Amino acid sequence: MKLIEGKQIGEIEDPVRAKLAMVVPIIKATLHSLARDRLARLGGLNKVTLHDLAREFKEGHGDAGICFEYAVHEAIASNNRLIHPLTSEVLEDLCNIGGGADSILFGPEKEGVIPILESVQNALTDDSVLYVGNAGRPPKLRRYIPKVIRAYRRNEDQNRLPRSITGLWKADLFLGNRNLDAWVGTTIKINPDQLQGAQGLRIGIYPKRSSRDVPRKDTDLNLIRLPLPYDDQFMEVFYKSFFLVRAFLRADACIPKPVDLPDAEDRLLTDQLAGRKEFPILEVVEALARMAQQDLIEASDIEDKPINVALSEDAGLQAELPLGDMPDSVSVTPVPKETNV
């Protein structure tokens, strides 16, 4: 798996080039979602073309939701200003965690796709605490991660967790601040109607529904709602770029019909992709990155590790990862300062 760090460093000035800056990582993520046996048949990662990707990739019902989870995590972790200031404000005002938001990718269902157990434990310290919104001493998070993952797999293991975190296996992220070493369980839903509370969850992230939908405490769900805005914001750019790439792949790496992609700017972007469909994808995205708005996202490739992942049409995200092929994690080393809930 290639770990990609991206950070928004400028305002959106040109919608075409700004969207192109989002299309590039979406294509990369789609490439890395192919199963290893498919990549081997095509000659390896460096040989796969856009045309190959269009023929190999299979859409699944949960693709948008999966991409949304990863996009939210990476945007917060990389200080994307379309999300990071809002998340930091919610953490400080409603969770008593100041200093700016950090994110740790979680979700026990991802274990096997990436080494969640290993990466989360490496990202925490023995003093990392989880704020659950209750009075009393916050539980130390790191020691419970293996039990939380087992609780996802077997209902009976949920009873072996402290009562305050019996539903923590439903978390998709841990949001918090690395300097305070304080975190909250976070659930992410692309469909707001599917937002559910659980013991151990503190924040729920989802696309904003209306102007009245603002960050707030939901007493019914016992969650702090964190809606993400659409108009000229991250949700709009994410969806437009996601649909553009999917339409291009469905069209067999050709320019989609106007009825499938009516915006002229989107057809311009897919024309740029179609003209490069016989080139290796890694070369294409490098070329496209130079065309994108240079001051919108600052990206760097951290490390390349093999990972066998497939977005299954029937079952969604699936993978097999031999132990020796597990990618290294990004380590967060917080310094604990306080334990106020």
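Scan segment 310-332 and give yes if some residue there is assigned to a loop (DSSP other than H, G, I, E, B), modelled with pLDDT under 50, within 30 Å of residue 138 (Cα to Cα) and touching a Ser or Thr at 6+ places or on another chain (Cβ under 6 Å), otherwise no. Yes, the conditions are met somewhere in segment 310-332. Taking segment 49-103 and the helices (runs of 4 or more DSSP H) fully enclosed by it, the elements with 2 or more residues that are of a type in the set (Asp, Glu) and crowded, with 18+ Cβ neighbours inside 10 Å are at 50-56, 63-77.
Of the listed requirements (1) over 30 Å from residue 93 (Cβ atoms); (2) in contact with a strand residue (DSSP E or B) (Cβ under 8 Å, 6 or more places away or on another chain); (3) crowded, with 22+ Cβ neighbours inside 10 Å, residue 248 misses just one: (2).
Contact annotation: residue pairs with Cβ atoms under 9 Å, 6 or more positions apart or on different chains, pairing a residue in segment 149-168 that is closer than 19 Å to residue 131 by Cβ with a partner that is assigned to a helix (DSSP H, G or I) and modelled with pLDDT under 85, are 166/158; 166/159; 167/158. Screening 44, 65 for residues that are among the small types (Gly, Ala, Ser) and at positive phi leaves exactly one candidate, 44. The set of residues in segment 154-176 that are at pLDDT 80 or above and either loosely packed, with under 12 Cβ neighbours inside 10 Å or among the hydrophobic types (A, V, I, L, M, F, W, C) (or both) comprises 154, 161, 163, 165, 168, 169, 171, 173, 174, 175. Residues that are small (Gly, Ala, Ser), in a loop (DSSP other than H, G, I, E, B) and modelled with pLDDT under 90 do occur in segment 105-113. None of 267, 216, 276 is more than 20 Å from the chain's Cα centre (by Cα) and surrounded by fewer than 17 Cβ atoms within 10 Å (Cβ to Cβ) except 216. Within the set of pairs 6+ apart or on separate chains, which have a first residue in segment 203-218 that is under 21 Å from residue 182 (Cα atoms), a second that is in a strand (DSSP E or B) and among the acidic types (Asp, Glu), and C-beta atoms under 8 Å apart? What qualifies is 204/218. Only residues that are touching a Cys at 6+ places or on another chain (Cβ under 6 Å) and outside any helix (DSSP H, G or I) were counted in segment 258-286, giving 0. Restricted to segment 190-217, and to residues there that are at pLDDT 95 or above and of a type in the set (D, E, K, R), the residue that is nearest to residue 145 (Cα to Cα) is 202. All told, residue 82 falls short of being in contact with a helix residue (DSSP H, G or I) (Cβ under 8 Å, 6 or more places away or on another chain), farther than 30 Å from residue 178 by Cβ and at pLDDT below 80. Which numbered condition trips up residue 235, out of (1) modelled with pLDDT of 95 or more; (2) touching a Pro at 6+ places or on another chain (Cβ under 8 Å); (3) of a type outside the set (Phe, Trp, Tyr)? Failing condition for residue 235: (1). One residue stands out in segment 246-272 among those that are out of contact with any Ser or Thr (no Cβ under 7 Å at 6 or more places or on another chain) and among the β-branched types (Val, Ile, Thr): the one that is nearest to residue 30 (Cα to Cα), namely 270. Residues in segment 183-205 that are in contact with a His (Cβ under 9 Å, 6 or more places away or on another chain) and hydroxyl-bearing (Ser, Thr, Tyr): 0 in all.
The values are calculated or read from the model by the stated rules, or taken from the named source; none is laboratory data. Keep in mind that this is a model prediction, so the values were computed, not measured. Every residue, glycine as well, gets a Cβ built from its backbone with ideal geometry; the counts of neighbours run over all protein chains shown.
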